[in-house]
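Working notes, structure below.
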């Protein structure tokens, strides 16, 4: 939707709302006083509630221990769906959902082996879609705890990266040349021990800030 005020030289454009709580507008002001030789356009972008999280009540859910729906003793996504009315009645605005992507669970889901799938212990992609849909009906946002510092060492990227230095995926991770038993430096991992792990078939170390099964992704 657009609105143009010819006399004032103002064009306002309303863009489709991303959600019920967010609206984006673009306003262009044309400075007529400068004449035709100089067209001075000032663009003003207004985003309502763009920092909604600053005034929101956000409830973190650690899925393993929140609500079990099938009797296996492990919390899951259907269990969360079943408690949405309770969460709404608490007055929350958003759920911060700890990792639910497919994972070997070396670090409680923070070692992701497939960013495009849900770990079977928590449910299915269809369950995730239903959670998002049902939460939206109650005006509850879902904030995913997406782990991007590292992947699991069982992720296809890392399995490829270990095959050779020339592999296209090798540079997805942080590697340093060295000798076995002599790490590149004395950096320690958050979980203890050296932050470097030797890979004999490559003659290199890879960096892991956390578990040895969580090789850091290379963001350079």
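Just so it is clear, none of the values below were taken in a lab; they were calculated from the coordinates. Since the model is a prediction, treat every value here as computed from it, not as a measurement. Here the Cβ positions follow ideal geometry from the backbone for every residue, glycine too, while neighbour counts run over all protein chains shown.
On the principal axes of its alpha-carbon atoms, the stretch 55-144 has extents of 34, 29, 21 Å, going from largest to smallest.
For the stretch 69-220, the gyration tensor built on C-alpha atoms gives a prolate shape. Its axis ratio a/c (a ≥ b ≥ c) is at least 1.5, and a/b is the larger of a/b and b/c. Whole-percent P(r), the stretch 156-207, all Cα pairs, 10 Å bins from 0: 27, 51, 23, 0.
If I model a spin label at residue 74 and residue 89 as a point 7 Å from the Cα along the Cα→Cβ vector, what separation in nanometres do I get? It is 3.0 nm.
Is any residue of the stretch 96-111 close enough, with backbone N under 18 Å, to a label point placed 7 angstrom from the Cα of residue 212 along the Cα-Cβ axis, and if so, which? Zone members listed by number: 104-108, 111. You can think of it this way: the chain between residue 133 and residue 148 has 2.9 nm of extra reach, that is 0.36 nm per residue less the Cα-Cα gap.
Sorted ascending by nearby beta carbons within 10 Å, beginning with the fewest, 101, 190 become 190, 101. Taking packing as the residue-averaged number of other Cβ atoms within 10 angstrom, the listed peptides 175-186, 151-162, 124-135 run from highest to lowest as 151-162, 124-135, 175-186.
The residue 51 and residue 167 beta-carbon pair, evaluated with R₀ = 45 Å, returns a calculated FRET efficiency of approximately 0.60.
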